[in-house]
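Q: Dropping the structure in here first, questions after.
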Amino acid sequence: MFNVQAVLRQQEQQLAKGLREMQGEKEALEQQLQMVLMNTDVLEGWLRENDGKMGNMRNVDVDEAFECCDSLSKQMLECTASDLAIEDVIYSLDKAVQEGSKPFVQYLINFRLLSREQFFHRAAASKVRAAQMQAQVSTMAARVAQHAV
């Protein structure tokens with residue numbers, strides 16, 4: 001009899017502990033829900049405020065959305081865009097081979113050509129990055145030299 005009571009007490013404690021944990025989780029989820037609702041209200045308000053402002057922005061050329069400040073930045077943007085575009089094409093080729101719509105031999109040929117081209121874009125981006133760092137260091141050194149005088 002005492003053994004059964006001890007087991008029942010232990011189970012009662014486990015159930016109480018589980019109930020407390022679930023209540024804590026429920027409170028945390030309710031707080032997160034309130035935060036999401038607040039953020040939704042803020043975003044909807046922003047959209048209402050700025051909806052009319054986008055009228056003349058709908059015909060913006062995507063290529064003109066970013067303006068590079070120098071030739072190195074332009075070259076870096078082009079290298080990165082090419083690299084990512086090739087990455088997208090390789091992903092599509094992978095999917096085509098998995099679906100069976102592209103022969104594996106053709107996939108290998110295309111993959112090799114694209115990988116080679118991607119390598120050159122990444123190498124160029126690496127050189128541009130190094131040149132940008134060198135230019136930045138030179139600019140900083142010139143500033144320090146001006147302040148030292």
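The values are calculated or read from the model by the stated rules, or taken from the named source; none is laboratory data. On a predicted model such as this, the values are computed, not experimentally measured, just so you know. Every residue, glycine as well, gets a Cβ built from its backbone with ideal geometry; the counts of neighbours run over all protein chains shown. For the accessible areas, the whole protein counts, side chains as well, though only heavy atoms, and no ligand, DNA or RNA atoms are used. Shrake-Rupley method; radii C 1.70, N 1.55, O 1.52, S 1.80 Å.
Each row is one residue, and each column tells you yes or no for (1) more than 23 Å from the chain's Cα centre (by Cα); (2) modelled with pLDDT under 95.
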position: Ile90; (1), (2): no, no
position: Gly100; (1), (2): yes, yes
position: Glu117; (1), (2): yes, no
position: Gln132; (1), (2): yes, yes
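Q: If you don't mind, another one. Only one residue in Asp94, Asp63 is open to solvent by 100 Å² or more (accessible area, probe 1.4 Å) and closer than 25 Å to His121 by Cβ, so which one is that?
A: Details: Asp94 fails: open to solvent by 100 Å² or more (accessible area, probe 1.4 Å).
On inspection, the qualifying residue turns out to be Asp63.
Q: Show the residue pairs that are 6+ apart or on different chains and have beta-carbon atoms under 6 Å apart, the first residue being within region 92-120 and under 18 Å from Ser82 (Cα atoms), the second being surrounded by 13 or more Cβ atoms within 10 Å (Cβ to Cβ) and among the acidic types (Asp, Glu).
A: These pairs meet every condition: Gln118/Asp83.
Q: Which of the numbered conditions does Ser101 fail, given that it passes all the others? Conditions: (1) loosely packed, with under 10 Cβ neighbours inside 10 Å; (2) part of a helix (DSSP H, G or I); (3) not acidic (Asp, Glu).
A: Against the list (1) loosely packed, with under 10 Cβ neighbours inside 10 Å; (2) part of a helix (DSSP H, G or I); (3) not acidic (Asp, Glu), Ser101 comes up short only on (2).
Q: Same structure, new question: Need the failing condition index for Lys17 against (1) at pLDDT 95 or above; (2) surrounded by fewer than 10 Cβ atoms within 10 Å (Cβ to Cβ), just the number.
A: With respect to (1) at pLDDT 95 or above; (2) surrounded by fewer than 10 Cβ atoms within 10 Å (Cβ to Cβ), Lys17 is out only on (2).
Q: Turning to a different aspect of this structure: Which ones in region 71-88 are open to solvent by 70 Å² or more (accessible area, probe 1.4 Å) and either in contact with a Leu (Cβ under 7 Å, 6 or more places away or on another chain) or not basic (Lys, Arg) (or both)? Before you say what the answer is, go through the steps one by one.
A: Taking region 71-88 as the starting set, the residues that turn out to be open to solvent by 70 Å² or more (accessible area, probe 1.4 Å) are 71, 74-75, 77-78, 84, 87-88.
Within region 71-88, Ser71, Gln75, Leu77, Glu78, Leu84, Glu87, Asp88 meet the criteria.
Q: Let me ask another. Has region 63-73 got any residue that is part of a helix (DSSP H, G or I) and more than 26 Å from Leu114 (Cα to Cα)?
A: Yes: region 63-73 contains one or more residues that are part of a helix (DSSP H, G or I) and more than 26 Å from Leu114 (Cα to Cα).
Q: Going by the conditions given, is Ser115 in contact with a helix residue (DSSP H, G or I) (Cβ under 9 Å, 6 or more places away or on another chain), closer than 30 Å to Gln136 by Cα and of a type in the set (Ser, Thr, Tyr)? Steps first, please.
A: Values: in contact with a helix residue (DSSP H, G or I) (Cβ under 9 Å, 6 or more places away or on another chain): yes; closer than 30 Å to Gln136 by Cα: no; of a type in the set (Ser, Thr, Tyr): yes.
Here the answer is no, as Ser115 does not meet what is asked.
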